[in-house]
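Here's the structure we're looking at; comments come further down.
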Amino acid sequence: MKKILLVLAILFAFPVSASTIPEGAIVKTAGNPDVYIVKYNAGKQYKRLVLNPLVFKSYGHLKWENLLTISDSEMSLYTTSSLVKVDGSAEVYELTPTGDNGTKQRLTSTWGRDVDSVYIINSVDFGNYEDRGDKYVMSREEVVALDQKEAEAEAKAEAEAARIAAEKQEAADQALYEQRRIDSILNNINFIVSAGNAEILSIDKDMAENRETYKNVLLLTEKDRLDKEYRAMLSRKNFLIDQNNKLNTIIYEINDYRKYGTIVPAIDRAYLLLLGIDFQC
């Protein structure tokens, strides 16, 4: 069939300019036997393949002597159309030519397709294509619904991402707050320990001076007074030592709480509270 078309094309084709090609003209290029019908619609230029000589003959107005030969560049200005409707029918089909034969599929929707490119064909032309059933194409309503669903899913994903980010930020802020809180408490405890150690050194000095004075005093009443002062300083020193030992133990417990989440005993938290330090865990 292609050879027949090529021979007929050579006999009847004359080079012309694309600008002079009228609506409904049949065209081809010099190096290709394929024959196309030209169509103009909505400011666009289309061409549709004439499948074989039988189809060509079925259109009584098509004459081989009217076949026009145009250049490849001129042919490329026309968009190839594959969409057709049988005369008198509203159904749109998509054609797929294969040599002198081809297949057709009814489109369930034309949404997203170039409906300006649809050609009206006769029953002979239509019958030369093997029917491959329907080709599913989403309708406008389905596309809108899908877009809306995708938009909702995207919005949901963004909201979820924002929620996760907010939770992470909140956790980071809480961790930073907790770190600063514990650092502040440890600083306060260390300050008390340091002050206690300084006071212990001072008491040791005072006790040494007291004992030295005691040696040189002869009056018993003065010795009793110095002895009471010594015992008071010793009691204060022992109290500070016990307090610092207790606080050093609590420092270890707080560090374990920060590292491992172990709970500081309630009795130790109560002890801190007596010192004006409110440690909560």
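The values are calculated or read from the model by the stated rules, or taken from the named source; none is laboratory data. Here the structure is a predicted model, which is why all the values come from computation and not from measurement. Every residue, glycine as well, gets a Cβ built from its backbone with ideal geometry; the counts of neighbours run over all protein chains shown.
Here is the figure for segment 97-107: residues that are exposed (fewer than 15 other Cβ atoms within 10 Å of the Cβ) and of a type in the set (S, T, Y) total 1. Does at least one position in segment 129-149 carry a residue that is within 16 Å of L49 (Cβ to Cβ) and surrounded by 10 or more Cβ atoms within 10 Å (Cβ to Cβ)? Within segment 129-149 (the criterion being within 16 Å of L49 (Cβ to Cβ) and surrounded by 10 or more Cβ atoms within 10 Å (Cβ to Cβ)), the answer is yes, since at least one residue qualifies. Given the condition touching a Ser or Thr at 6+ places or on another chain (Cβ under 7 Å), assigned to a helix (DSSP H, G or I) and free of Cβ contacts under 8 Å to residues at least 60 places away in the same chain, answer yes or no: does some residue in segment 210-223 qualify? No, segment 210-223 contains no residue that is touching a Ser or Thr at 6+ places or on another chain (Cβ under 7 Å), assigned to a helix (DSSP H, G or I) and free of Cβ contacts under 8 Å to residues at least 60 places away in the same chain. If you go through segment 141-176 and keep only what is among the acidic types (D, E) and either at pLDDT below 95 or under 22 Å from the mean Cα position of the chain (by Cα) (or both), you end up with E141, E142, D147, E150, E152, E154, E158, E160, E167, E170.
When N101, N41 are checked against the criterion of being modelled with pLDDT of 95 or more and within 22 Å of I120 (Cβ to Cβ), a single residue qualifies: N41.
Could you tell me which residue of segment 172-224 is surrounded by the most Cβ atoms within 10 Å (Cβ to Cβ), considering only residues that are among the charged types (D, E, K, R) and in contact with a Leu (Cβ under 9 Å, 6 or more places away or on another chain)?
For segment 172-224, the residue satisfying everything is E199.
Surrounded by 15 or more Cβ atoms within 10 Å (Cβ to Cβ), in a helix (DSSP H, G or I) and at pLDDT 95 or above: is that true of Y230 in this structure? Yes.
Being over 27 Å from I185 (Cα atoms), surrounded by 12 or more Cβ atoms within 10 Å (Cβ to Cβ) and either within 60 Å of the chain's Cα centre (by Cα) or without any contact (Cβ under 8 Å) to a residue 40 or more places away in the chain (or both), is that true of even one residue in segment 253-275?
Let us first name the residues in segment 253-275 that are over 27 Å from I185 (Cα atoms), namely none.
No, the conditions are met nowhere in segment 253-275.
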